[in-house]
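Every number in this text was worked out from the coordinates using simple rules, so none of it is lab data. Because the structure is predicted, anything quoted here is derived from the model rather than measured. Don't worry about glycine lacking a Cβ; one is built from the backbone with ideal geometry, like all the others, and counts go over all protein chains shown.
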Amino acid sequence: MKFLKNFGLGLLYALLFPVILAAVAVFAVYGFLRGFVYFFIYLVRFFKGEKIFAAFPEDEKAKEIIDRARGLKKEEAPAQQQAPQQNIYVQQNYYPNQGLPPQGQQPQQPGLPNPGYPQQGLPNQGYPQQGIPNQGYPSQPSYGQPLPPYGQPQYYGGQPFQRDQLPPGYGEPTPVIPQQPGQAAPQPEAITLNREVPPVEPAIENKEMEGDEDDD
Amino acid sequence: MIDALLSFLISLEMNDNDRRALLILVIILLILLFIIGLIGMGIRWIIMRQADKADDLMYEVTVAHVINNPRDYRKMASKKNFRLFFQKSLIPLGVIALGVLIWVIYSAIVDGWNRNIFEEFLDLFFLWHYEDPENYVQIFGMTFLAKWPAPFEDHPVFHVEHLASYIVVPIVVGGSLAYLYQAQGYMVRALVCVKRSNEVFRKSLKGYNANTLDPNSVPYDPNLHSANDSNKL
């Protein structure tokens with residue numbers, strides 16, 4: 001049925017072919033004359049060093065709009081799946097016996113927030129501490145053992161203890177390692193995973209002092 | 001009119017030869033009709049193909065709403081359509097120019113400006129003697145071509161002095177046909193763009209009824225509904 005319809009239309013087009021041919025001839029002449037004029041326009045454009053067939057401004061605008069729309073779609077899709085961005089700072093600890101931790105003490109694992117164990121080594125030097133603050137758990141957890149659940153402190157080896165049986169050293173202040181003369185102060189190593197940390201601006205007083213110096 | 005036709009058909013006296021000739025004529029006409037229909041389908045297919053290109057040209061600017069009215073649409077379509085035609089017709093026009101250049105150089109060398117290169121090109125073809133009355137047959141008082149004209153008026157002959165014509169004519173004819181094909185595309189795209197400019201920005205109310213209310217879009221207000229119920233009671 002479709003073939004018959006197309007066949008009928010084909011017959012119609014064949015009958016109209018002389019008319020179509022005449023119209024094509026008219027367009028051919030018109031296109032040739034117009035092309036003759038545009039040939040010189042393009043020639044001038046060429047010798048000016050411009051692109052002969054430069055994109056139309058409307059095309060560029062349309063392309064920009066479409067690209068922007070496609071770009072927004074691409075950004076929205078992963079934004080819903082990604083976890084919220086966060087910066088993880090790794091506090092590198094130093095120990096008195098040349099970097100080796102004493103027996104029974106283990107360095108803090110990088111990337112893992114300490115859920116309540118006292119900070120060993122140097123105190124926090126102004127970097128934001130990730131995780132839960134110290135809740136008073138025993139200060140020396142066994143390395144490689146799972147952490148005790150929150151609110152249920154245990155002895156080493158997993159033995160739960162009573163509230164009145166505090167472990168040795170519990171509640172005492174964290175020892176501060178004195179810096180030896182001639183030794184550079186250890187700097188904490190920060191790893192930024194997703195975005196850069198904005199630079200810390202100097203104190204206002206310093207700015208004012210620098211300004212005063214410049215004036216002088 | 002019908003009575004006259006019927007009386008004419010009844011009055012026809014056909015012998016066996018006439019019947020055979022009529023049958024053959026009908027078959028030939030059917031075959032010709034079929035071939036013409038196929039050619040017309042080909043022409044239509046080519047035209048539709050060019051029409052699709054018109055939509056390709058204007059798709060992005062229309063979808064991005066850079067153009068928002070039929071007048072700008074037609075203006076932009078005309079520019080882009082002509083640029084495409086210009087680009088596409090460069091090669092055919094270049095081929096034609098090459099052929100003309102060969103003809104000019106050849107004519108300048110042999111001083112043959114008055115030579116008919118198309119007539120010389122026909123040396124390569126058979127030419128039939130159509131004027132011979134024996135090639136025709138009379139059916140119902142009408143004259144039809146009954147067989148291929150014979151003998152041939154001329155046979156294919158290769159003349160070395162016509163070599164330039166053998167080269168120039170195919171180049172020029174081929175380039176002209178290619179240019180006509182591009183001109184046909186230019187015309188079809190222009191017509192389609194004019195048609196689309198009226199269609200794309202049309203605000204149609206076809207199938208829309210202003211009195212149709214979507215029940216889901218009507219908010220439910222219990223106070224109003226209860227008041228109506230109490231009024232009814």
Measure off 7 Å from each Cα along the Cα-to-Cβ vector at residue A:45 and residue B:206, then give the distance between these two points in nanometres to one decimal. 3.8
Efficiency of FRET from Cβ geometry, residue B:33 and residue A:69, R₀ 45 Å, rounded to 0.05: 0.30
Could you derive backbone 3J(HN,Hα) for the range B:98-107 from the dihedral phi with the Karplus parameters 6.51, -1.76 and 1.60 (θ = phi - 60°), listing whole Hz in sequence and x where the residue is Gly or Pro? 5, x, 4, 5, 4, 4, 5, 5, 4, 5
Where trypsin sites (Lys or Arg not before Pro) in DSSP loops with at most 10 other Cβ within 10 Å are excluded, longest remaining stretch of chain B: B:1-146
Based on the Cβ-Cβ distance from residue B:59 to residue B:161, what FRET efficiency comes out when R0 is 51 Å, to the nearest 0.05? 0.40
Listing B:148, B:103 by rising number of other beta-carbon atoms within 10 angstrom, fewest first, gives B:148, B:103
Pairs A:5/B:80; A:63/B:79; A:61/B:88; A:61/B:203; A:51/B:195: which exceed 23 Å Cα-Cα? A:5/B:80; A:61/B:88; A:61/B:203; A:51/B:195
Measure out, as a whole number of angstrom, how far apart the alpha-carbon centroids of the range B:101-122 and the range A:1-24 sit. 39
Tell me, what is the FRET efficiency for residue A:33 and residue B:116 to the nearest 0.05, using R0 = 30 angstrom and their Cβ-Cβ distance as r? 0.65
Expected output is a single nm value to one decimal: the length gained when fully extending between residue B:22 and residue B:72, i.e. 0.36 nm times separation in residues minus the C-alpha distance. What is it? 12.1 nm
Which whole-number percent gives the relative contact order of chain B, counting Cα pairs below 8 Å spaced six or more residues apart? 28
Spin-label point model (7 Å from Cα, Cβ direction): what's the residue B:146 to residue B:195 distance in nm? 4.8
Placing each pseudo-label 7 Å from Cα in the direction of the beta carbon, residue B:139 and residue B:102 end up separated by a distance in nanometres of 4.3
